[in-house]
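*Asks:* Let me give you the structure first, and then I'll get to my questions.
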Amino acid sequence: MSDQTFKKNILCVGAGYVGGPTMTVIANKCPEYKVTVVDISQPRIDAWNSDELPIYEPGLDERVFNVRGKNLFFSTDINKGIKEADIIFVSVNTPTKTFGEGAGKASDLQYLEKIARQIKEVAESDKIVVEKSTIPVRAAEALERILHSDDSKTHFEILSNPEFLAEGTAIDDMEAPDRVLIGSKDTPSGLKARDQLVEVYTHWVPRERVITTNLWSSELSKLVANAFLAQRISSINSIAAICEMTQADVQEVSRAIGKDTRIGAKFLNAGVGFGGSCFRKDILNMVYLCEFYGLHDVAQFWAQVVKMNEYSMDRFVKRILRTLFNTLVGKKIAVYGFAFKPDTGDTRDAPAITICKSLLREKAHVCITDPHALKNAALDLEGVEGAVEYELDPYKAAEGAHAIALVTEWKQFKDLDYKRIFDSMSKPASIFDGRNLLDHKALYDIGFNVYPLGKPDLDHFQNED
Ligand code: UDX
Ligand code: ADP
């Protein structure tokens with residue numbers, strides 16, 4: 001049933017943060033393939049077909065505009081997409097369950113199951129079905145069971161192709177990946193399907209960077225990669241707490257240990273905690289998996305990474321509270337940055353959510369500024385009691401504030417005129433740099449009390465006698 005103008009038809013179900021950018025790169029790199037992205041959400045698809053794409057990602061716009069309507073299509077006609085497709089990427093959301101068995105830890109697979117049933121019902125020819133969502137180990141098996149649940153003649157071959165792209169650098173990560181991982185069954189049809197997917201990627205990725213494994217290794221590797229990355233952040237954040245007590249400097253410690261090639265220099269920036277849609281979800285998933293298999297000590301080991309992350313956010317707020325004379329009632333705090341990291345408008349699991357809620361519980365007046373995430377911030381804090389404002393202009397956000405709490409390290413915040421900001425704030429004016437982005441000595445010289453993360457305080461109370 002495939003569209004004969006093209007060599008192959010690729011379908012992606014789910015036009016989100018993963019599906020959209022991934023398919024855009026495939027369409028750009030493989031002009032002879034037709035790539036269709038479908039979603040149940042009409043507004044989302046309309047946005048993908050408009051001049052204002054639904055997600056912000058550097059380099060995405062020009063790549064979409066380059067191929068949209070040529071070999072890249074966005075549609076809500078899921079059934080037509082399924083019928084046409086040779087390869088179907090499933091990239092629907094798999095949030096953490098909020099109810100029932102495994103609530104708070106296990107993945108909610110209802111969206112995945114729904115689309116699997118739809119594929120089975122609608123498909124008229126053999127398909128390769130690629131798991132692209134993060135789903136627990138052995139989910140491929142569940143997918144396979146649904147797809148082959150009757151004796152229909154249609155054959156579905158399941159592959160696992162985990163997503164390693166990070167938001168903000170999604171296009172670069174996709175165009176020059178450290179590796180592409182493809183898991184398949186070790187059967188002739190499994191290997192044949194695997195080779196077809198390898199062929200897609202080797203349009204631009206060197207063959208030696210495409211790693212092939214069995215299905216379960218591939219699924220588990222995704223969870224393990226994120227767990228290791230998150231663990232590094234919790235590790236360095238735990239050291240930041242020690243640094244603040246001992247007058248050591250966490251950035252100096254990071255540099256010193258990162259020079260050891262066995263440790264490596266990346267992902268050692270201490271901060272207010274990790275966020276994003278993957279880290280917490282994947283670790284909790286792993287914890288659930290361990291508990292399911294009776295590996296309780298292993299489960300506890302990984303659960304501690306999430307606990308340490310919560311501790312980091314809490315520590316940041318407590319430091320603000322302690323410094324501002326143990327009361328925030330009616331004090332204006334300018335929160336610089338809400339996105340879970342710079343260069344994205346995404347706020348899923350952003351530390352700013354927890355931090356702002358805690359500040360509001362202390363009855364602070366919170367004014368949030370962020371270049372791309374204010375809309376999401378307002379949704380995240382909807383219904384939360386307290387005085388909260390959203391302000392695009394960081395100068396206005398700081399006017400009359402007692403303190404600035406820098407939560408996301410947007411480059412824009414580095415280059416502001418902090419003398420002007422200082423002059424407009426209530427005194428004493430404090431800056432809590434939760435990401436160590438700013439020039440702390442320069443801020444101190446302007447007159448700020450400066451509280452960097454994992455470093456000694458620079459305040460005028462102690463230093464001027
Ligand atoms: C992550 C993985 O990096 C990616 O491979 C996977 O596919 C999805 O999850 P992402 O969540 O987009 O990507 O962002 P990432 O850059 O990994 O940052 C996650 C969080 O960790 C952010 O909140 C960031 O601020 C924080 N972080 C990162 C630190 O606090 N310190 C660091 O040194 C690095
Ligand atoms: P991710 O970060 O994994 O890409 P998103 O939530 O950004 O997650 O995107 C997942 C997308 O999948 C959403 O746009 C959602 O509407 C879509 N989706 C969920 N279930 C289905 C389905 N059965 N058919 C089509 N699209 C779906």
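*Asks:* Which net charge results when you count Lys and Arg as +1 and Asp and Glu as -1 among the other residues whose beta-carbon is under 9 Å from that of residue 17? Write down the numbers at each step before the final one.
*Replies:* Working: positive: 348; negative: 57, 167, 346.
Net charge in that neighbourhood comes out at -2.
*Asks:* Oh, and also: Report the gain in length on full extension from residue 172 to residue 399: 0.36 nm times residue separation, minus Cα-Cα distance, nm rounded to one decimal. Working shown, then result.
*Replies:* Working: separation 227, 0.36 × 227 = 81.72 nm, distance 3.77 nm.
That pair, residue 172 and residue 399, stretches by 78.0 nm at full extension.
*Asks:* Taking the Cα centre of the chain as origin and charging only Cβ (+1 Lys, Arg; -1 Asp, Glu), how large is the dipole, in debye to the nearest 20? Walk me through the numbers before you get to the answer.
*Replies:* On the way: 56 positive and 67 negative charges, 102 e Å.
Charge dipole of the chain: 500 debye, to the nearest 20.
*Asks:* By how many degrees, between 0 and 90 and to the nearest 10, does the Cα long axis of helix 19-29 differ from the longest principal axis of the chain?
*Replies:* Approximately 60 degrees, to the nearest ten.
*Asks:* Can you tell me the order of 153-159, 449-455 when each peptide is scored by its average per-residue count of other Cβ atoms within 10 angstrom, highest first?
*Replies:* 449-455, 153-159
*Asks:* Along the stretch 215-222, what does the Karplus equation 6.51 cos²θ - 1.76 cosθ + 1.60 (θ = phi - 60°) give for ³J(HN,Hα), rounded to whole Hz, x for Gly and Pro?
*Replies:* So the J values, rounded to whole Hz, are 4, 6, 4, 5, 4, 5, 4, 4.
*Asks:* Could you tell me which of rounded, prolate or oblate describes the stretch 1-57, using a ≥ b ≥ c as the square roots of the eigenvalues of the alpha-carbon gyration tensor, with rounded for a/c under 1.5 and, failing that, prolate when a/b is larger than b/c and oblate otherwise? Please report the intermediate quantities before stating the final value.
*Replies:* Details: a/c = 2.22, a/b = 1.65, b/c = 1.34.
Taking the square roots of the gyration eigenvalues as a ≥ b ≥ c, the stretch 1-57 is prolate.
*Asks:* Separate question: May I ask you to evaluate 6.51 cos²θ - 1.76 cosθ + 1.60, the Karplus curve with θ = phi - 60°, for each residue of the stretch 141-157 and list the ³J(HN,Hα) values in order in whole Hz, giving x for glycine and proline?
*Replies:* Once θ is set to phi - 60°, the couplings for the stretch 141-157 become 4, 5, 4, 5, 4, 5, 5, 10, 7, 9, 9, 5, 7, 6, 10, 10, 10 Hz.
*Asks:* For the stretch 60-124, run through the chymotrypsin sites (Phe, Trp or Tyr not before Pro) and keep only the ones in DSSP coil with at most 16 other Cβ atoms within 10 Å of their Cβ. Working shown, then result.
*Replies:* Values: sites: 65, 73, 74, 89, 99, 111; in loops: 99.
In loop regions of the stretch 60-124 (DSSP not H, G, I, E or B), the sparsely surrounded chymotrypsin sites (Phe, Trp or Tyr not before Pro) are 99.
*Asks:* Using alpha carbons only, how many degrees (0 to 90, rounded to 10) separate the axis of helix 351-361 from the longest principal axis of the chain?
*Replies:* Taking Cα atoms only, the helix is inclined about 50 degrees.
*Asks:* Which percent, to the nearest 5, of DSSP beta bridges fully inside the stretch 8-205 are antiparallel? Numbers along the way, then the final one.
*Replies:* Working: 2 of 26 bridges.
Of the beta bridges lying entirely in the stretch 8-205, close to 10 percent run antiparallel.
*Asks:* Quick one: 78, 283, 242, fewest Cβ neighbours within 10 Å first, how do they rank? The partial results should precede the final answer.
*Replies:* Details: 78 18, 283 25, 242 12.
By the 10 Å Cβ count, ascending, the order reads 242, 78, 283.
*Asks:* Per the Cauchy relation, a quarter of the hull surface: what is the mean projected area of the convex hull of the alpha carbons in the stretch 310-463, in nm²?
*Replies:* 7.9 nm²
*Asks:* Within 14 Å, Cβ to Cβ, of residue 293, how many net charges do the neighbouring residues add up to if Lys/Arg are +1 and Asp/Glu are -1? Before the final figure, lay out the partial values.
*Replies:* Numbers: positive: 105, 138; negative: 291, 297.
Result for the neighbourhood of residue 293: 0.
*Asks:* Moving to a separate point now. Run the helix sum for the chain: -39,500 (n - 2.57) per DSSP H stretch of 4+ residues, divided by residue count, reported at 222 nm to the nearest 500 deg cm²/dmol. Walk me through the numbers on the way to the answer.
*Replies:* Values: 19 runs with 203 residues, N = 465.
Taken over the chain, the calculation gives -13000 deg cm²/dmol.
*Asks:* Convert 25 °C to kelvin, take the viscosity as 0.890 mPa s, use the Kirkwood radius over C-alpha pairs of the chain as Rh, and evaluate the Stokes-Einstein diffusion coefficient in µm²/s, rounded to a whole number. Mind showing how you got there, number by number?
*Replies:* Details: Rh = 23.9 Å.
In µm²/s, the coefficient rounds to 103.
*Asks:* Quick one: if you stick a label point 7 Å off each Cα along the C-beta vector at residue 191 and residue 379, how many nm between them?
*Replies:* 4.6 nm
*Asks:* Right, here's the next one. Pairs of Cα atoms under 8 Å, at least six residues apart: use those to get the relative contact order of the stretch 8-205, whole percent. Working shown, then result.
*Replies:* Details: 340 pairs, mean separation 40.9, N = 198.
Value for the stretch 8-205: 21 percent.
*Asks:* Please work out the C-alpha center-to-center distance from the stretch 316-345 to the stretch 358-425 and express it in whole Å.
*Replies:* Computed from Cα coordinates, the inter-centre distance equals 8 Å.
*Asks:* Please turn the phi angles of the stretch 112-118 into ³J(HN,Hα) values with the Karplus equation 6.51 cos²θ - 1.76 cosθ + 1.60 (θ = phi - 60°), one per residue in order, whole Hz, x for glycine and proline.
*Replies:* These are the phi-based 3J(HN,Hα) values: 5, 5, 4, 6, 4, 5, 5 Hz.
*Asks:* Here is a further query. Amide H neighbours of residue 129 under 5 Å, counting only residues 5+ apart in sequence or on other chains, H built in-plane at 1.01 Å?
*Replies:* 88, 157, 158, 159
*Asks:* Can you bin every Cα-Cα distance in the stretch 66-188 into 10 Å intervals starting at zero and give me the percent of pairs per bin, rounded to whole numbers?
*Replies:* Computed distribution, short to long bins: 11, 37, 36, 15, 1.
*Asks:* Find the centroid of the Cα atoms in the stretch 13-68 and in the stretch 431-461, then give the distance between the two in whole Å.
*Replies:* 42 Å
*Asks:* Please report the antiparallel percentage of the DSSP beta bridges confined to the chain, to the nearest 5. Display every interim value, and only then the final one.
*Replies:* Numbers: 3 of 53 bridges.
Roughly 5 percent of the beta bridges in the chain run antiparallel, per DSSP.
*Asks:* Which entries of 281/427; 97/120; 153/185; 132/153; 29/259 show an alpha-carbon separation above 31 angstrom in the structure shown? Provide the component values of the computation, followed by the final result.
*Replies:* Numbers: 281/427 41 Å; 97/120 25 Å; 153/185 20 Å; 132/153 25 Å; 29/259 36 Å.
In this structure, 281/427; 29/259 lie more than 31 Å apart at Cα.
*Asks:* Once you sort the root eigenvalues of the Cα gyration tensor of the stretch 175-308 as a ≥ b ≥ c, which label holds: rounded (a/c under 1.5), prolate (a/b larger than b/c) or oblate (the other case)? Can you show the working numbers first?
*Replies:* Values: a/c = 3.22, a/b = 1.65, b/c = 1.96.
In terms of gyration-tensor shape, oblate.
*Asks:* What is the distance in Å between the Cα centroid of the stretch 245-302 and that of the stretch 116-190?
*Replies:* 28 Å
Read-outs: derived from the displayed coordinates by stated rules, not from any lab. All figures in this text were calculated on a predicted structure; none of them were measured in a lab. Note that we place each Cβ from the backbone using ideal geometry, even for glycine, and neighbour counts take in every protein chain shown.
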